[in-house]
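So the structure is just underneath, and the comments pick up after that.
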Amino acid sequence: MKKNDTSKTTAASKEAKTVKPKKAAQPYEIGELDQYLFGHGTHYEIYKKMGAHKVTVDGVEGVYFAVWAPHAEKVSVVGEFNGWEADADEMERLEPAGIYTRFVPGAKEGDMYKFCIETMKGEKLYKADPFANYSELRPGNASRVADISHFTWSDDAWMEAREKWDNTKNPMSVYEVHMGSWMRHPCREDEGFYTYRDFAVSVTEYVKKMGYTHVELMGIAEHPFDGSWGYQVTGYYAPTSRYGTPEDFAYLVNYLHKNKIGVILDWVPAHFPRDAHGLADFDGTPTFEYADPRRGEHPDWGTKIFDLGKSEVENFLIANALFWIEHYHVDGLRVDAVASMLYLDYGKQDGQWVANKYGGNENLEAIEFFKHLNSVVLGRNHGAVMIAEESTAWPKVTGAPEEDGLGFSIKWNMGWMHDFTEYMKLDPLFRKNAHYMMTFSMEYAYSENYILVLSHDEVVHLKCSMLNKMPGLGFDKFANLKAAYAFMIGHPGKKLLFMGQDFAQLREWSEERELDWFLLAEQPHQQIQNWVQELLHLYRKNKALYEMDTDEKGFEWINKDDIFRSIFSFVRYSKDRKRNLLFVCNFTPMEREDYRVGVPRGKQYKLILNSDDERYGGTGGERPLMYKAVKKECDGQKYSFAYPLPPYGVAVFEF
């Protein structure tokens, strides 16, 4: 079949699956073994061969380019090294995979380039490199030659410790950050972005002070539009040039690790934008996306959907996950929009989707992709985490693939988030009618390994900031928010909080401006920050709050049915039962001067956290630190003690 025979479908990708390797290639070349593995979706380090790599051939320095364009008629590499002439450096097609390669003498690091792809229809497309390690700063969209092997890592202690880290037994409190709007640099005359290196120092200082264990970074992979927040990616293998070079990004990760802070990246395998220079219709045909628009397009988002039925596309994504974790030492990926991948009818009306071969709406290829992805990533990188942003009741998201689970480490608890925020929005007078919203999550708390999330999605698009979700005015808003955060810290599950919410940002978040740090000059905002800081350090210091997150023996309701007073009390147990914590949370403005709480032991109970402390915006009234439980039945417990519980009061006792 001739390449320009459009009456038949080019079968390069299928043929690659049956070809056996015959000979080894030069280290810099795409050889038959590379094609064979790529065609099977198992070339996990394909990024070391594809894209642009500095090499020396017969003593001549230059760059070796490689791109997958199986349905192209012809491909050339064009760039600063050849005056952007389309015919200057035509690439050689490798069969059967449909990969094009070219060594260009004299091309050097920093040179901008694209691939000129002549389609079977005779059109010329100028595409950025899907495997590029660096890109031109937007609004430009060319790729740049980058040697990412320079950086000298010094985070060995962290990486060794990570191999023994277990997300089910260790604390994990995540600070979700959008770099471009976290803080603007006062000395930069351009857009004011912090560089990766500047940000490393500043965010480390803040995170250590507050007590977070991890930073989750939004929008790191290259993307053309700031307003997408990084969720419409064109450069999957390139840290965005908005904040510096690839080496600068490596410095950021290394710096955080040396300060014992983990790094999580948002990762977007669900879809990609239609931008002309990107992956869409890459070689003039649907290359990375499904050909049928009922499978290959998100009508609401205006984006393309990866064709996970192609081994090469699956390989592109799995190798990309490994690239961030293995090359850049990232500790985990938060996988965006998992539900949109699992359901063929996600966001679609009748007639806009196609059922699977069994007539169902499950995307069978996505299911196998996730099993493959998580098995490989976590199997090769002990202690790394794969986190699913999955918003439905899909079973076994964090179950083992061999038991028909998807294999993720952790799942976002979107059910808890929705119920929790809806409850907190209510006037306290009406909370008694929605009491179950705060208790229902414990009915399914151990069905998955969960992380409780109050993310960027909850403080945009007229949803209000966390503070402005709270009812009332002044004191009531801040007191409600304090009680909300304490309940979140006490509830089983890892924690995630979006930037700005830990000091009660008033405005919704916008990527166009920095956080309102000036609010910290006002006492109520400083007091909220003090409270969150205290909660985060309490969380890290007390094993009862994390080491039995996935064991129902680690949690006990004392009273979950105090409906008319809207008070919740519960115990978190440590594994050895030596340092347990009792939480009492009052979600009304009513003071309970002699609130009696049932307790499981006739022991001394030490008050270790009190929201009425003046440092957190309370009255500062004095009260005892020790409380002796007496043998008096309360809340179904044999023992109890009384405690003055203030309006919206939170008390945490150790026993």
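No value in this document is a laboratory result; all are computed from the given coordinates. Everything quoted here is computed from the prediction, not taken from an experiment. Quick reminder, even Gly has a Cβ in these numbers, built from the backbone with ideal geometry, and neighbours come from all protein chains shown.
Relative to the longest principal axis of the Cα atoms of the chain, helix 364-380 runs at roughly 80 degrees.
With the charge dipole of the chain set up from +1 on Lys and Arg Cβ and -1 on Asp and Glu Cβ about the Cα centre, the Cα lying farthest toward the positive end among the listed residues 187, 211, 582 is that of 582. Simple point charges give the picture: +1 on the Cβ of Lys and Arg, -1 on the Cβ of Asp and Glu, and for the chain a dipole about the Cα centre of about 2400 debye.
Per-residue 3J(HN,Hα) values for the stretch 159-175, derived from phi via the Karplus relation 6.51 cos²θ - 1.76 cosθ + 1.60 with θ = phi - 60°, read 5, 5, 5, 4, 4, 9, 6, 10, 5, 7, 10, 10, x, 8, 10, 9, 9 Hz in sequence order (x marks Gly and Pro).
Taking other C-beta atoms within 10 angstrom as a stand-in for reagent exposure, 116, 634 fall in the order 634, 116, fewest first. If only the Cβ of Lys and Arg carry +1 and only the Cβ of Asp and Glu carry -1, the dipole of the stretch 205-314 around its Cα centre is close to 560 debye. Could you point to the residue in 499, 568, 533 farthest towards the positive end of the stretch 485-584's charge dipole, with +1 and -1 charges on the Cβ of Lys/Arg and Asp/Glu respectively? The Cα lying farthest towards the positive end belongs to 568. What is the angle, in °, between the Cα long axis of helix 311-322 and the longest principal axis of the Cα atoms in the chain? Nearest 10 is fine, range 0 to 90. That helix lies at roughly 50 degrees to the long axis. Put in order of Cβ neighbour count within 10 Å, fewest first, the listed residues 173, 241 become 241, 173. Cross-link check: pairs 169/632; 169/260; 164/260; 48/310; 260/396 evaluated at a Cα-Cα cut-off of 24 Å; pairs beyond the cut-off: 169/632; 260/396.
The distance linking the stretch 225-256 with the stretch 578-655 is 47 Å (Cα centroid to Cα centroid, whole angstrom). When you count the other C-beta atoms within 10 angstrom of each residue and take the mean per peptide, 611-621, 347-357 line up highest first as 611-621, 347-357. Residues 78, 233, ranked from the fewest to the most other C-beta atoms within 10 Å, line up as 78, 233.
Global size of the stretch 552-654: 13.1, 37 Å for Rg and Dmax (C-alpha atoms, Rg to one decimal, Dmax whole).
Once you sort the root eigenvalues of the Cα gyration tensor of the stretch 12-124 as a ≥ b ≥ c, which label holds: rounded (a/c under 1.5), prolate (a/b larger than b/c) or oblate (the other case)? Since a/c reaches 1.5 but b/c is at least a/b, the shape of the stretch 12-124 is classed as oblate. Between the helical axis of 196-210 and the longest alpha-carbon principal axis of the chain there is an angle of about 20 degrees. Short-range pairs are left out: with C-alpha atoms under 8 Å and at least six residues apart, the relative contact order of the stretch 451-601 is 20 percent. Distances between placed amide hydrogens fall under 5 Å for residue 262 paired with 214, 215, all partners being 5 or more residues away or on another chain. Remark on residue 504: its backbone amide H falls under 5 Å from none of the residues 5 or more positions apart or on other chains, H modelled at 1.01 Å from N.
Computed about its Cα centre, the charge dipole of the stretch 12-124 is approximately 540 debye, with only Lys, Arg, Asp and Glu carrying charge at their Cβ.
The Cα center of the stretch 516-564 and the Cα center of the stretch 390-429 differ in position by 19 Å.
Each DSSP beta bridge with both residues in the chain is either parallel or antiparallel, and the antiparallel ones are about 70%. Per-residue packing, averaged as other Cβ atoms within 10 Å, sorts the ranges 328-340, 283-295 into the order 328-340, 283-295, beginning with the highest. Projecting the Cα atoms of 112, 40, 67 onto the dipole axis of the stretch 12-124, where Lys and Arg carry +1 and Asp and Glu carry -1 at the beta carbon, places 40 farthest toward the positive end.
Sequence-distant contacts, meaning Cα pairs under 8 Å at least 6 residues apart, place the relative contact order of the chain at 10 percent. Amide H contacts of residue 91: 75, 76, 77, each under 5 Å away and 5 or more positions distant or on a separate chain (H built 1.01 Å from N in the peptide plane; Pro and chain starts excluded). In whole angstrom, the chain maps to an equivalent ellipsoid with semi-axes of 51, 25, 22, each derived as √(5λ) from the alpha carbon gyration tensor and ordered largest first. Relative contact order for the stretch 552-654: 33 percent, from Cα pairs under 8 Å spaced at least 6 residues apart, divided by residue count. Rounded to the nearest whole Hz, the Karplus-based 3J(HN,Hα) values (6.51 cos²θ - 1.76 cosθ + 1.60, θ = phi - 60°) of the stretch 39-49 follow the sequence x, 9, x, 10, 8, 6, 10, 4, 5, 7, 10, with x at glycine and proline. Sequentially through the stretch 343-359, phi angles give Karplus couplings (6.51, -1.76, 1.60; θ = phi - 60°) of 10, 5, 9, 4, x, 10, 8, 4, x, 9, 9, 10, 5, 6, 5, 9, x Hz, Gly and Pro residues having no value and appearing as x.
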